[in-house]
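Inspection log for the structure reproduced underneath, given as structure tokens.
The values are calculated or read from the model by the stated rules, or taken from the named source; none is laboratory data. Computed from a predicted model, the values in this text were never measured in an experiment. When we count neighbours, we look across all protein chains shown, and the Cβ atoms used for this are built from the backbone with ideal geometry, even at glycine. Surface accessibility is based on the protein's heavy atoms, side chains included, excluding ligands, DNA and RNA. Shrake-Rupley method; radii C 1.70, N 1.55, O 1.52, S 1.80 Å.
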Amino acid sequence: MTTITNPRLKPGFIDRFLLMVEPYEIPTIIVFNKADLYEDADFEVFAYMEDLYQGLGYTVILASAKTGDGVKELKALLKDKVTMLSGQSGVGKSSLLNQIQASLQLRVGDISEYSGKGQHTTTFAEMHPLDFGGQIIDTPGIKTLGFIHLEPNQIAHNFREFFALSSQCRFGGACLHRNEPNCAVKAALEKEEISPLRYENYLYILQEIEDLNHWERKKNM
Ligand SMILES: Nc1nc2c(ncn2[C@@H]2O[C@H](COP(=O)(O)OP(=O)(O)O)[C@@H](O)[C@H]2O)c(=O)[nH]1
Ligand SMILES: [Mg+2]
Ligand SMILES: [Zn+2]
């Protein structure tokens, strides 16, 4: 779960999150909450994101825990499934869960609580049974997502649209889609078949893990 505003969407956060779940092939729904607060510019950002991520095969939902928008749609998706609800603190995870099932009466944080010094209202992951079938796990907010457990090559393999093209790269699965000759991903980027946003986030994560030296990587495994 995320939101375009309050708190403002961190660039790269969605792609980092997707990179975390992609290796495990977990079906992922991206929920943009707080739609009641969006202004025109926010809806434009949402439209871009919806188009991008639906195009990649993810389910995208616009919701509001305040007005109940999107709740019916979400319930249908949660029915008879075990779902983990995750996202930055303050995006409205507990609030939306209360909309889905009022009897849960989860504690909701106010703005000062989540924008303060790392205070979270939800402090541990907790699984709740859903009346209409299924279970849902509410989790405390995520602050950062690191990828020390992944090799550069695994980053490339878990950006799904890059991976789909990699067999057409001259270096195939070994291509990091940076400066290699005859790279199908870079060719697709030039033709605007790949989102520059995704590509930038990819390069950033790649650089980040390459900047960690070997010792740091082993130590943190
Ligand atoms: N306007 C608006 N405020 C919301 C919405 N969802 C949550 N909030 C507010 O955002 C704050 C954080 O909500 P909370 O559910 O605790 O977020 P969590 O940390 O993700 O569980 C609270 O003040 C909520 O009242 C929404 O859809 N619209
Ligand atoms: Mg919460
Ligand atoms: Zn390539």
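Within the stretch 19-45, can you find the residues that are free of Cβ contacts under 8 Å to residues at least 60 places away in the same chain and under 15 Å from Arg198 (Cα atoms)?
Val45 - this is the single residue of the stretch 19-45 that is free of Cβ contacts under 8 Å to residues at least 60 places away in the same chain and under 15 Å from Arg198 (Cα atoms).
If I go through the stretch 145-183 residue by residue, how many of them are at pLDDT 95 or above, open to solvent by less than 50 Å² (accessible area, probe 1.4 Å) and either part of a loop (DSSP other than H, G, I, E, B) or within 16 Å of ligand 1 (Cβ to nearest atom) (or both)?
Of the residues in the stretch 145-183, 8 are at pLDDT 95 or above, open to solvent by less than 50 Å² (accessible area, probe 1.4 Å) and either part of a loop (DSSP other than H, G, I, E, B) or within 16 Å of ligand 1 (Cβ to nearest atom) (or both).
Condition first: at pLDDT 95 or above and under 30 Å from Leu189 (Cβ atoms). Can you find one or more residues in the stretch 61-81 that meet it?
Yes.
Can you give me the ranges of the helices (runs of 4 or more DSSP H) entirely in the stretch 13-117 with at least 2 residues that are within 16 Å of ligand 2 (Cβ to nearest atom), in contact with a helix residue (DSSP H, G or I) (Cβ under 9 Å, 6 or more places away or on another chain) and open to solvent by less than 10 Å² (accessible area, probe 1.4 Å)? Spell out how you get there, then give the answer.
Values: elements: 13-21, 40-55, 71-78, 93-100, 111-115.
The qualifying helices (runs of 4 or more DSSP H) are 93-100.
Regarding Ser89, is this residue at pLDDT below 95, of a type in the set (S, T, N, Q) and farther than 26 Å from Pro196 by Cβ?
Against the criterion (at pLDDT below 95, of a type in the set (S, T, N, Q) and farther than 26 Å from Pro196 by Cβ), Ser89 qualifies.
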